[in-house]
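Note sheet for the following structure.
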Amino acid sequence: PMCHQLTKNQCVRKGNPHMEMPLPLPWIGDEVEDCFNGKDEDVSLWPTCGKGITKRFVSDDSKKCRDVFLCRMSSVNFVDYESLCDRVESCGSENIVCKVSRSFPEIFTSVHSYNVHQRATKNLLYCLPGMKSVELLKEDSCHSQPPFQYPRHRTIGISNLKRSLLRLPLNKQDCTNMYGETYVFMSCTDSCINSRCPLSERPKANICRDQFPQSFVGTYARDSTGDPYLAYLIRSHKSYRNDFFVCEKSRKCIPYSKVCDLVDDCGDFADEIQ
C-alpha cells in the first residue's frame, strides 16, 4: 500500500497546513505539488537508490540499496524481493517465475458441476461423487442448498428451476485457502468460519453492459425494499445469468471464478481484498 512507504523527511502538506508530515514515496516528482513550498517536486532534495530503470526514491539514504527483481513483461520496472512471489501478479511474469522456482501448488477457482435428474448441481470440497470416505473421515456430511442467487431480488427472466443447486458441507469450514467460485459460494452462503462474502454491488444494466454486447439483456428487478431497477443479465445456454462480481471503482464485471484467485482482475485489487 502507498502509505506503507513514507519519506523520512517531512513538509507542510496542503491537506494539513498546521504541521509537517512525511510523504508517500510515489508523490515525489509526480508533477503534483503536495507541499505548500513545492518541495515534493524538487527531486534533488529526496534520496534515491539504484541506477537506470531501478532508480527509485527511498525513505532515507542511510539504508543499503537492496537488490530488486527486474520486470521484462510489464510497465512496472521492478519488484522488491520482499513483495516477490506473494501470488499477486505485479510484474507480468512474476507468478510464472515463482511457480517454476518454488513449485507453487495449483489453485482451483471453478466448482465441479454435473447433472442430476436434468438439474445442474455444483459440488464443493469433499461433497463430490466417489469421495464418501473423505466425508466420513471428516465426521461431516453434505447437504443441498437452494439455488444460489445474488442479490436475492425478484428478477424477470431468472428462474430458480434453471439455476444450479449447491452441495455444501453441513458444518462451517475454514475458507482461508479457498479461491474463486468455491470461496464465493462458501462465504456467501454463510458456510465459512472466518470469511465474509465479497459480493456487495448488484449487477446493474448501466455498469458492465459493454463487456458482453452480443449477449447483454436488461431486465426488470425489485430489491428487498420493493424499489425497481434495471438488472444486468447475459444469455447463456438457453437461460439467463447474472453471476458476476462488480468492481467498485472500475465498474467492471468479472466471473466468480476470478474473485479471490490471487490475480488483480479489477485493477485496484477490489476482487482480492477479502
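For this structure, a couple of remarks:
- Label-to-label distance, nm, for residues given as L170 and R152 (7 Å Cα→Cβ offset): 2.2 nm
- Ordering L70, L230 by accessible surface, largest first, gives L230, L70; the 1.4 Å probe counts only protein heavy atoms, with every chain in place.
- Subtracting the Cα-Cα distance of L45 and D210 from 0.36 nm times their residue separation leaves 54.8 nm of extension gain.
- In this structure the range 166-207 gives 45 Å² per residue of accessible area when probed at 1.4 Å with all protein chains present.
- Between I107 and T225, the modelled labels are 3.6 nm apart [label points 7 Å from Cα along Cα→Cβ].
- The label-point distance for R196 and V263, in a model that sets each label 7 Å from Cα toward Cβ, rounds to 2.7 nm.
- Heavy atoms of I107: accessible area, 1.4 Å probe, square angstrom to 10: 50 Å²
- For the range 260-273, 3J(HN,Hα) per residue [Karplus equation, 6.51 cos²θ - 1.76 cosθ + 1.60, θ = phi - 60°, Hz, x = Gly/Pro]: 6, 10, 6, 10, 7, 8, 7, x, 9, 6, 4, 7, 10, 6
The values are calculated or read from the model by the stated rules, or taken from the named source; none is laboratory data. These figures come from a predicted structure and were not determined experimentally. With ideal geometry, Cβ positions are generated from the backbone for all residues, glycine too; neighbour counts draw on all protein chains shown. Protein only, heavy atoms only, side chains kept; ligands, DNA and RNA dropped before computing areas. Shrake-Rupley method; radii C 1.70, N 1.55, O 1.52, S 1.80 Å.
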